[in-house]
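> Dumping the structure here so I can ask a few things about it.
The values are calculated or read from the model by the stated rules, or taken from the named source; none is laboratory data. Predicted model only: the values in this text are computed from it and were never measured. Virtual Cβ from ideal backbone geometry, glycine too; neighbours counted across all protein chains shown.
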Amino acid sequence: MVLGRRIAGLSRRVARELALAGHLTVDGQRAAPSHRVRAGERLELDAPAAPVGPIEGPELLATTDAIVYVVKPAGLHTHRLRPGDPPALADWVAERFAECAAAGLDPREGGAVHRLDRGTSGVVAFARTRAAFLAAREAFAAARVGKHYMAVTTCPFDHIWPPSAGPWLGLSDAGVEVSAPLGPGFGRDRVAVRRTGQPARTRVAPESPPGPRRLWSLELLTGRRHQARVHLAWLGLPILGDELYGGEPAERLYLHALRLDLSAAISSEQPITAPLPLEFAAALG
């Protein structure tokens with residue numbers, strides 16, 4: 001659809017959804033998304049935006065000349081996925097740091113240089129300048145960003161740690177390194193370990209004594225979708241609250257982006273830490 005290519009921040013899919021909902025007119029008449037545009041026609045697309053309003057929960061961690069660091073609460077999107085979606089973390093940042101909204105390539109993203117799953121809490125970085133945005137995005141793509149997470153998992157009574165070394169597993173003093181490649185899984189929104197998948201590497205180490213639930217630290221050496229969740233489930237350690245990958249039901253996904261280090265992308269930056277939520281300790285009993 002032509003509007004999906006001409007309106008900044010609007011994808012062709014979203015433009016089509018709006019047209020199907022009756023928001024597209026051509027010369028004042030409602031039109032279908034399949035309408036073939038002719039020279040001189042006036043196209044209008046009514047894309048209602050949800051009011052920003054107050055967003056409870058986000059905490060400002062730090063600001064530098066290049067980056068704004070914010071804690072994303074569990075259950076909140078990093079940025080809106082469609083016009084009209086409820087307010088997201090990017091809206092909260094743009095209200096307070098207007099320059100972030102102009103720093104990125106898509107106004108909806110509010111300058112976010114990366115994204116966390118909706119259920120994941122933790123530190124998110126928003127660029128304040130276009131140069132910082134491009135440098136940070138390039139570093140993420142090249143796996144030059146330090147990313148440390150914490151997770152609470154359920155542990156089967158017969159679970160043995162560390163596991164035996166084998167394909168896609170390496171053992172070291174720092175813990176276990178999982179190098180299982182990831183690709184599309186069966187079912188909507190699922191990712192799975194696949195030989196033909198993209199390379200993915202995660203270092204895993206325990207941070208609490210053995211028990212029915214256990215706290216783990218994770219260093220993501222690559223940045224694949226659902227990487228931490230799938231690698232832990234593959235180890236037989238599904239994250240508490242992650243029912244998509246076999247986790248025990250809970251009030252939230254117990255995955256937290258603890259620390260982010262962008263110094264390899266922007267030399268003036270320092271590692272930023274988002275404190276572990278109190279409910280993690282409670283979940284361990």
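> When region 114-140 is examined, which residues are found to be closer than 23 Å to Leu255 by Cβ and either surrounded by 21 or more Cβ atoms within 10 Å (Cβ to Cβ) or without any contact (Cβ under 8 Å) to a residue 40 or more places away in the chain (or both)?
Of region 114-140, the ones closer than 23 Å to Leu255 by Cβ are 114-126, 136-137, 139-140.
Correct list: Arg115, Leu116, Thr120, Ser121, Gly122, Val123, Val124, Ala125, Phe126, Ala136, Arg137.
For every residue, the table says whether it meets (1) within 26 Å of Ala283 (Cα to Cα); (2) exposed (fewer than 14 other Cβ atoms within 10 Å of the Cβ); (3) in contact with an Asp or Glu (Cβ under 7 Å, 6 or more places away or on another chain).
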position	(1), (2), (3)
Gly146	no, no, yes
Tyr149	yes, no, no
Thr154	yes, no, yes
His159	yes, no, no
Pro163	yes, no, no
Pro167	no, yes, no
Val176	yes, no, no
Pro181	no, no, no
Arg188	no, yes, no
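> Given the conditions (1) in the same structural domain as Pro73 (by TED's automatic domain parsing); (2) part of a loop (DSSP other than H, G, I, E, B); (3) of a type outside the set (D, E, K, R), and given that Phe133 satisfies all but one, which numbered condition is not satisfied?
In the conditions (1) in the same structural domain as Pro73 (by TED's automatic domain parsing); (2) part of a loop (DSSP other than H, G, I, E, B); (3) of a type outside the set (D, E, K, R), Phe133 misses (2) alone.
> Residues to consider are Leu182, Leu218; find the one that is under 21 Å from Gly246 (Cα atoms), hydrophobic (A, V, I, L, M, F, W, C) and touching a residue at least 60 places away in the same chain (Cβ under 8 Å). Spell out the reasoning first.
Values: Leu182 fails: touching a residue at least 60 places away in the same chain (Cβ under 8 Å).
Just one listed residue meets the conditions, Leu218.
> How about region 103-120: which of its residues are of a type outside the set (Val, Ile, Thr) and touching a Lys or Arg at 6+ places or on another chain (Cβ under 6 Å)? Can you show your working first?
Initially, region 103-120 is screened for residues of a type outside the set (Val, Ile, Thr), giving 103-112, 114-119.
Within region 103-120, Ala103, Arg108, Leu116 meet the criteria.
> Only one residue in Ala233, Ala250, Ala200, Ala205 is farther than 17 Å from Phe140 by Cα and buried (at least 19 other Cβ atoms within 10 Å of the Cβ). Which one? Steps first, answer last, please.
On the way: Ala250 fails: buried (at least 19 other Cβ atoms within 10 Å of the Cβ); Ala200 fails: farther than 17 Å from Phe140 by Cα; Ala205 fails: buried (at least 19 other Cβ atoms within 10 Å of the Cβ).
Answer to the selection: Ala233.
> State whether the residues of region 65-84 include one that is in a loop (DSSP other than H, G, I, E, B), in the same structural domain as Ala112 (by TED's automatic domain parsing), among the β-branched types (Val, Ile, Thr) and surrounded by fewer than 17 Cβ atoms within 10 Å (Cβ to Cβ). Give the derivation first.
Step one: list which residues in region 65-84 are in a loop (DSSP other than H, G, I, E, B), which gives 65-66, 73-84.
Then drop every residue that is not in the same structural domain as Ala112 (by TED's automatic domain parsing), which leaves 65-66, 73-84.
With the extra rule that they be among the β-branched types (Val, Ile, Thr), the set shrinks to 78.
Next cut, surrounded by fewer than 17 Cβ atoms within 10 Å (Cβ to Cβ) only: none.
So far as region 65-84 goes, no, none of its residues is in a loop (DSSP other than H, G, I, E, B), in the same structural domain as Ala112 (by TED's automatic domain parsing), among the β-branched types (Val, Ile, Thr) and surrounded by fewer than 17 Cβ atoms within 10 Å (Cβ to Cβ).
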